[in-house]
Amino acid sequence: EEGTWTIDLEYSSNGSSWSNLGTSGIDTTTGRYTKIGNTVHAWFYSGTFEPNQDNKLARINGLPYTSVNAGEGKAGGASFYFTTCFQGYHNSTPMHQEVQTGFVEKNSTVLKPALPFSTAEAYWRETQNVQLGFHVTYEAA
């Protein structure tokens, strides 16, 4: 099966209550996917945009299928490319870090970007002309 899906970018101050980041200024909010059996491959590229939620936790919602109820991070993973919209922290100081991987939350349609060499979550950067691109593969419920 092949199709399209609509991305929902979200932010949070505390990691438990999430709000929609909005998609104004994003070139596209539509990704593509292929589903073979219960394996889903999904792609997305945003073009340039401005997140406007500096120092807030970042996540991507709206994957085309709900993931399996496996252990955290075991449902699937992602590779990010042309991605400049995230940052991390070191001793409470924001640092631009290239996010290269992420994981799919169990029993959800959520992809969480992870900081390099870590499972620590990434934060949105408030700057103009950032980009978001990724490929995710995961197991659907």
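The values are calculated or read from the model by the stated rules, or taken from the named source; none is laboratory data. Note that the structure is a prediction, hence the values are computed from the model and not measured. Quick note on the areas: whole protein, heavy atoms, side chains included, nothing else; ligands and nucleic acids left out. Shrake-Rupley method; radii C 1.70, N 1.55, O 1.52, S 1.80 Å.
Okay, here's what the table says:
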| quantity | calculated |
| --- | --- |
| The chain: relative contact order in percent, alpha carbon pairs under 8 Å with at least 6 residues between | 30 |
| Sequence-distant residues sharing a close amide H with Gly102 (under 5 Å, placed H) | Ala78, Ala114 |
| Nearby lysines by direct alpha-carbon distance to Lys74 (threshold 24 angstrom, same-chain neighbours under 8 apart not counted) | Lys35, Lys106, Lys112 |
| Answer label, with percent of Cα pairs over 27 Å apart calculated from the coordinates and candidates (1) 14; (2) 20; (3) 31 | (1) |
| Residue-level accessible surface for Ser118, protein heavy atoms, 1.4 Å, Å² | 50 |
